[in-house]
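One structure below.
The values are calculated or read from the model by the stated rules, or taken from the named source; none is laboratory data. Since the structure is predicted, the reported quantities are computational estimates derived from the model, not experimental observations. Every residue, glycine among them, receives a Cβ derived from its backbone with ideal geometry; neighbour counts consider all protein chains shown. For accessibility, only protein heavy atoms count, side chains too; no ligands or nucleic acids. Shrake-Rupley method; radii C 1.70, N 1.55, O 1.52, S 1.80 Å.
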Amino acid sequence: MRVGGVVRLGLGWSARAVAAGVALVSFAMMSASADTLKGALTQAYQNNPTLNSQRASVRATDETVPQALSGYRPRVTLTATAGEQYLDSHTKTFTTAGGRPTTTYSQTSGNLGLQQYGGTITQTLLNGFGTASRTRQAEQLVSAARETLRLSEQTVLLNAATAYMNLIRDAAILQLQRSNVEVLQEQLRQTRDRFNAGEVTRTDVAQAESRLASARATMLTAESNYVTSKSTYRQVIGVEPGTLAPASPVDSLSPRSLQAAVEEARARHPSVTTAMFNVDAAVFQVKIAESSLYPTLNVVGSAQQTYGSAQALTGVQSFAGSVVGQLSIPVFQGGTEYATIRQAKETLGQRRIDLDTARDQSQQTLTQSWGQLEEAKTQSQATTTQVNAAEIALNGVREEARVGQRTTLDVLNAQQELVNARVALVTAQRDRVVASYALLAASGRLSPEVLVLEVPIYDPKVHYHQVRDTWVGVRTPDGK
């Protein structure tokens with residue numbers, strides 16, 4: 001039967017095997033307070049270091065907008081100079097007395113204190129729309145960073161779902177292999193008893209011993225896989241795993257048809273939207289490069305108060321102020337500006353090609369994920385039938401072996417086929433769930449909002465609006 005959207009594995013072994021064997025769902029449901037897949041996704045969304053790093057990257061990119069907007073704002077500079085100065089001045093004076101010219105020489109020398117205080121304010125009025133282009137480019141880069149963050153969220157959530165299901169699968173397989181070892185130990189004991197009674201040969205005993213040794217080696221491999229999956233779970237989700245509850249596929253959240261899914265992936269997948277914003281940023285980079293060919297007009301106001309004089313000991317103080325317009329017309333700058341423009345245009349062409357590549361890649365990934373989900377559905381049904389048939393076959397072989405119509409090897413082979421079928425079913429159930437999440441990610445829908453995770457959603461717009469119009473200050477909005 002089905003519990004929580006996952007097929008419960010029926011165990012048709014001996015009473016000893018039934019007591020020891022644990023299937024995928026029964027293992028996951030040993031505790032009423034078991035961890036859930038949705039809870040694991042919530043933990044990953046909050047704790048994953050890769051996701052937190054990408055959020056910090058977006059916040060850093062937000063600062064490029066106020067940097068660009070600073071081109072609209074005035075630049076103010078204050079200066080102050082103070083010191084002691086020695087002045088030695090020689091002068092010559094011509095006078096006329098009684099019709100005769102007279103030359104008088106004089107010398108003055110001494111120390112004086114000199115202080116100068118001033119300020120300059122510069123306002124750009126025209127720069128070939130360079131500031132406007134830089135601002136719009138920065139805004140496009142911020143949007144691209146947000147889409148990259150959305151892609152990181154999808155990757156982390158998909159990795160978390162995969163790690164969760166891998167741990168369930170490997171835990172169930174480990175329990176199946178342990179149960180298989182116990183069954184084979186019992187089989188070996190019975191075979192030895194029959195050998196001592198003269199019912200079977202030494203060959204039968206050797207076959208049972210060989211199969212038990214192989215099962216023990218497989219169990220050790222399953223233990224290693226379980227430890228690895230547990231470590232991966234801790235790394236991706238950020239907490240130690242508890243008892244894991246069963247998980248259901250999320251088919252209902254995916255597009256209904258392959259065509260609709262392809263169209264959505266080509267338009268909404270984060271890798272595509274990131275490439276679109278990069279194209280827009282490259283367009284404005286061309287405009288920024290072209291602005292170097294236009295005139296620049298600045299208004300400069302300055303004022304300076306001086307105490308003392310650098311020319312005369314008798315100077316007490318002076319004040320000077322000015323407001324001037326500065327017009328700069330570029331004529332030729334060695335050809336750098338033209339090379340920069342051509343370079344920006346080539347980069348724009350590259351970004352457009354990258355956009356086409358991203359769309360094709362998204363379509364390919366979506367189509368592949370769609371096919372893998374369909375395969376997983378079919379595989380889950382097929383392995384369920386395989387398990388049921390293997391159980392019936394094992395019970396029949398055992399009964400036939402009791403009346404001498406089957407050999408010990410026949411029983412061992414039927415036992416191994418059932419174990420393999422159960423492992424295949426566990427794997428198919430895992431693939432079924434993971435494939436549904438992979439399809440959701442391929443269509444661009446894998447997000448905490450769509451999954452309805454009970455967690456505060458990180459909104460990058462909050463930080464953006466906090467810093468966009470900030471003129472002064474070095475503290476970030478979170479207090480650092």
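Ranked by the mean number of other Cβ atoms within 10 Å per residue, highest first, peptides 240-247, 162-169 order as 162-169, 240-247.
Close amide H pairs (under 5 Å, H built 1.01 Å from N) link Thr243 with Asp35, residues at least 5 positions away or on another chain. The phi-based Karplus calculation (6.51 cos²θ - 1.76 cosθ + 1.60; θ = phi - 60°) puts the 3J(HN,Hα) values of the range 427-436 at 5, 5, 5, 4, 4, 4, 6, 4, 5, 5 Hz, whole numbers, x for Gly and Pro. Near the amide H of Arg406, within less than 5 Å, lie the amide hydrogens of Ala401, all on another chain or at least 5 residues away, with H placed in the peptide plane. Values (i) 248; (ii) 145; (iii) 167 are given for comparison; volume of the Cα convex hull per residue in Å³, derived from the coordinates here, is the one labelled (i). A straight chain from Leu125 to Ala303 at 0.36 nm per residue would run longer than the Cα-Cα distance by 62.0 nm.
Cα-based radius of gyration for the range 336-480, normalised by 2.2 N^0.38 Å, reads 1.99.
Taking the longest Cα principal axis of the chain as reference, the axis of helix 49-62 is set at about 20 degrees. If you take all other residues with their beta carbon under 15 Å from the beta carbon of Ala289, and give Lys and Arg +1 and Asp and Glu -1, the sum is +3. Helical content alone sets the calculated 222 nm signal of the chain at -21000 deg cm²/dmol, taking -39,500 (n - 2.57) per DSSP H segment of four or more residues and averaging over every residue.
Approximating the spin labels as points 7 Å out from Cα along Cα→Cβ, the Asp88-to-Ala389 distance works out to 11.5 nm. Note that the chain presents 53 Å² accessible area per residue, ligands and nucleic acids not counted, probe 1.4 Å.
Report note on the peptides 81-90, 376-385, 112-121, 437-446: ranked by the mean count of other C-beta atoms within 10 Å, highest first, their order is 437-446, 376-385, 112-121, 81-90. Tell me, what % of the accessible area of the chain is carbon and sulfur with a 1.4 angstrom probe? Using a 1.4 Å probe with all protein chains present, the chain comes out at 53 percent carbon and sulfur.
Just subtract the alpha-carbon distance of Ser214 and Tyr294 from 0.36 nm times their residue separation and send over the number in nm, one decimal.
That works out to 20.8 nm of additional length.
To the nearest ten degrees, helix 37-47 and the longest principal axis of the Cα atoms of the chain are 30 degrees apart. Ignoring lysines fewer than eight residues from Lys345 along the same chain, the ones with Cα atoms less than 17 angstrom from its Cα are Lys287.
In order along the range 396-413, the phi-based Karplus estimate (6.51 cos²θ - 1.76 cosθ + 1.60, θ = phi - 60°) of 3J(HN,Hα) comes to x, 4, 5, 5, 5, 5, 5, 9, x, 8, 10, 9, 4, 5, 4, 5, 4, 5 Hz; Gly and Pro are listed as x. What angle, in degrees between 0 and 90 and rounded to the nearest 10, separates the Cα long axis of helix 270-290 from the longest principal axis of the Cα atoms of the chain? With both axes taken from Cα atoms, the answer is about 20 degrees. Sparse packing (at most 12 other Cβ atoms within 10 Å of the Cβ) combined with a DSSP loop state is found for the following trypsin sites (Lys or Arg not before Pro) in the range 218-270: Arg256.
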